[in-house]
Structure formats: structure tokens, C-alpha cells
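Shown next, in C-alpha cells, is the structure this report addresses.
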Amino acid sequence: MKLSNLLVLATDRQADRIVPPTGYTVRLTLFTAASLAFLAVFALALSLATSRVATQWSDALARSSTIRISAPQDQMAAQVAAVESILQTTPGISEFRVLSNEEQAALLEPWLGAGIPIDALPVPALIEVIEAGDGFAAEGLRLRLEAEAPDAVLDDHTRWRQPLVEAAGGLRLLGLLSLLLIGCATAAMITLAAQAALAANKQVIEVLRLVGARDSYIAGAFMRRFTNRAALGATVGAAAGVIAITLLPGTRTSESFLTDLSFEGLGWITPIFVPPVVAVLALLATRHAAARVLKGLP
């Protein structure tokens with residue numbers, strides 16, 4: 001931003017009398033800045049929460065794998081034992097365990113209902129594998145399983161992680177696009193309010209010109225007033241947005257995405273930047289509006 005744009009923000013009570021202190025343009029500027037700053041805080045929270053949740057889910061899946069054994073019932077025990085023997089000698093595996101019938105029944109309950117007779121169903125055996133350090137060589141483990149336990153299939157959750165990464169990228173892009181649209185809407189509404197205020201004070205501006213006032217002096221008064229009003233409204237709106245986010249129910253007790261819509265750590269600092277950004281937009285929008293209106297006056 002040019003230094004001249006910053007200098008107009010210096011207090012000049014004499015010049016500020018040019019701009020009416022009340023009226024619908026004042027209410028419009030305050031309401032617009034507050035409302036859009038409130039939405040901007042939620043857009044920021046959405047972007048940060050999306051990235052955080054997707055990272056947590058992806059990391060959880062990245063550290064674990066599943067081996068599914070779909071062998072005939074009379075061969076199941078032998079193949080499970082063979083897989084366990086392979087896993088014991090595979091570098092990069094921290095621990096592994098065979099899921100019990102109760103755990104498999106719990107996994108199938110959402111689809112098949114409660115009280116599933118697991119023993120009577122041809123359900124494959126599942127072995128959960130937890131990685132250690134840099135993990136294990138998936139392709140090497142697959143080759144060993146194919147040779148020693150042909151009915152065992154390794155699922156390293158790659159197909160589950162990739163959609164999460166893509167979805168997180170899409171939601172982050174949505175959040176950034178929302179912030180861009182909020183910024184454009186803020187600039188547009190403040191431009192309209194400034195143009196209306198300038199047009200309503202046409203006669204005052206003409207008199208000031210007759211007594212020697214320059215357009216930069218007149219424009220500076222409007223820029224100063226509208227920038228301060230937008231900053232005030234944005235501060236109130238951003239504060240209300242932060243309060244609303246902190247009051248969301250169950251933020252720390254639920255694993256669902258919506259209740260994780262909050263800031264964490266340094267993320268709580270980001271709403272502080274909303275009012276200054278809105279003020280800069282107001283300054284530029286009012287400057288543009290003043291230049292257009294003053295140029296069109298005789």
C-alpha cells in the first residue's frame with residue numbers, strides 16, 4: 001500500500017466534518033463489515049479444521065494396515081499362523097493382533113444389525129498391523145504372503161487415504177474461495193455506501209471546491225471515516241465469530257467433523273487479521289469510489 005494511502009488515516013477533525021456521522025450509509029458499512037467478518041472467521045475455521053482433521057485421519061490410517069484371510073474354514077487356523085509367523089520376522093512392524101469375533105461383529109453391526117452369528121458366517125479373519133518407525137515394505141510383505149499364505153490379502157489403506165487427501169484439498173479450496181468472495185462482497189458493499197454518501201453530499205463538496213479544497217482533501221475525509229467504520233464493524237463481527245466458535249457444542253468430546261470446527265494453537269491468532277484486512281479493503285474501495293464520484297462532478 002502506498003504511503004499516501006496510510007497518511008490519509010491521520011486524524012483531521014476539520015476534514016472529517018465533511019462526512020455525515022450518521023445515516024443509512026453508516027449503518028450499512030458497520031453491518032456489512034461486521035457480518036462479513038463474522039463469516040470470514042468461520043471460513044478460516046473451516047479451512048484450518050479441514051486440514052487438521054484430514055491430517056489426523058490420514059496419519060491414523062497411514063500407521064495401520066489390515067490383512068484379510070479368506071481361506072476355507074479347515075485351513076483358516078493354519079493360514080493365520082503362517083501370517084503371524086511372517087509378521088514376526090518382518091521389519092517395520094510394531095505389533096499385530098487377530099481381531100476377535102466380537103470385534104468383527106461390531107464392525108459388521110452397522111450393516112447387518114446386532115447379534116450377528118459370526119461363527120455361522122463365512123467371515124474372513126482380520127489381522128490388524130501397526131507400523132513402527134518408517135514402516136514396512138508393503139510390496140515385499142505382499143510377495144511373502146502370496147508365497148506362504150495365498151489366501152491372505154494386505155490392505156495398507158492407500159485407497160482410503162487418497163480420497164481423504166483429495167477431499168481435504170477440495171474443502172481447503174472451498175474455504176479460500178469463500179474468503180475471496182467475502183472480500184469481494186465487502187469491497188463492493190463499501191464502495192456502494194461510499195458512493196451514496198458522496199452523492200448525498202454533492203452540494204457540500206461543490207462548496208468546498210469553491211473555497212479551494214482539493215479532491216484529495218475531500219476524498220481523504222471519506223476514506224478515513226469509512227475505513228474506521230469498517231474496522232470497527234469488522235472487529236465486532238470477528239469477535240462474535242470467535243465467541244460463536246468457542247460455544248459450539250461438543251468441540252472436544254466428539255470425533256465428528258462439524259464439532260471439530262474450531263481453532264487450535266496458533267490458529268487462534270488468524271481472526272486477529274480479519275479487521276485489518278477489512279480496513280484495507282474499505283480504504284481501497286472508498287478511494288476508488290471517491291475518485292469516480294469526484295471525477296464526475298462538474
Query raised in the report: Based on what the data block shows, is Leu145 of a type outside the set (Phe, Trp, Tyr) and assigned by TED's automatic domain parsing to the domain that holds Phe96?
Result: yes
Requested in this report: Could you pull out the residue among Ser216, Ser178 that is hydroxyl-bearing (Ser, Thr, Tyr) and within 30 Å of Val41 (Cα to Cα)?
Outcome: Ser178
**Report entry** Selection count where residues are more than 13 Å from Val293 (Cα to Cα) and in a loop (DSSP other than H, G, I, E, B), scope region 201-215
**Finding:** 4
Query - Residues being modelled with pLDDT under 80, of a type in the set (D, E, K, R) and surrounded by 11 or more Cβ atoms within 10 Å (Cβ to Cβ) - total across region 99-120 - result: 1
Report task. Could you tell me whether region 137-147 includes any residue that is in contact with a helix residue (DSSP H, G or I) (Cβ under 7 Å, 6 or more places away or on another chain), farther than 30 Å from Leu284 by Cβ and not β-branched (Val, Ile, Thr)? Result -> yes
Report summary line: In region 86-111, anything touching a residue at least 24 places away in the same chain (Cβ under 8 Å) and assigned to a helix (DSSP H, G or I) is listed as Ile86, Leu87
Requested in this report: Evaluate region 137-152: report whether one residue or more is over 42 Å from the mean Cα position of the chain (by Cα), part of a helix (DSSP H, G or I) and surrounded by 14 or more Cβ atoms within 10 Å (Cβ to Cβ).
Outcome: yes
Query raised in the report: So which pairs qualify, if the first residue must be in region 162-180 and farther than 28 Å from Val274 by Cα, the second must be outside any helix (DSSP H, G or I), the Cβ gap must be under 8 Å, and the two must be at least 6 apart or on different chains?
Result: none
Report task. Test Ala230 against the stated conditions and say whether it is at pLDDT 90 or above and in contact with a helix residue (DSSP H, G or I) (Cβ under 7 Å, 6 or more places away or on another chain). Result -> yes
Query raised in the report: Taking interchain pairs and intrachain pairs at least six residues apart, which have beta carbon atoms under 7 angstrom, with the first residue in region 49-76 and in a helix (DSSP H, G or I) and the second at pLDDT 80 or above and of a type in the set (A, V, I, L, M)?
Result: Met76/Ile69; Met76/Ala125
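Let's see how each residue does on (1) modelled with pLDDT of 80 or more; (2) more than 34 Å from the chain's Cα centre (by Cα):
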| residue | (1), (2) |
| --- | --- |
| Leu61 | no, no |
| Pro122 | no, yes |
| Asp155 | yes, no |
| Gln162 | no, no |
Report task. Would you be able to tell me the number of residues in region 249-276 that are at pLDDT below 70 and either under 16 Å from the mean Cα position of the chain (by Cα) or closer than 17 Å to Ala40 by Cα (or both)? Result -> 6
Requested in this report: Report the residue count in region 172-189 for those that are over 25 Å from Arg287 (Cα atoms) and crowded, with 16+ Cβ neighbours inside 10 Å.
Outcome: 2
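The values are calculated or read from the model by the stated rules, or taken from the named source; none is laboratory data. Just so you know, these numbers come straight off a predicted model, no measurement behind them. Please note: Cβ atoms are built from the backbone with ideal geometry, for glycine as well, and neighbour counts cover all protein chains shown.
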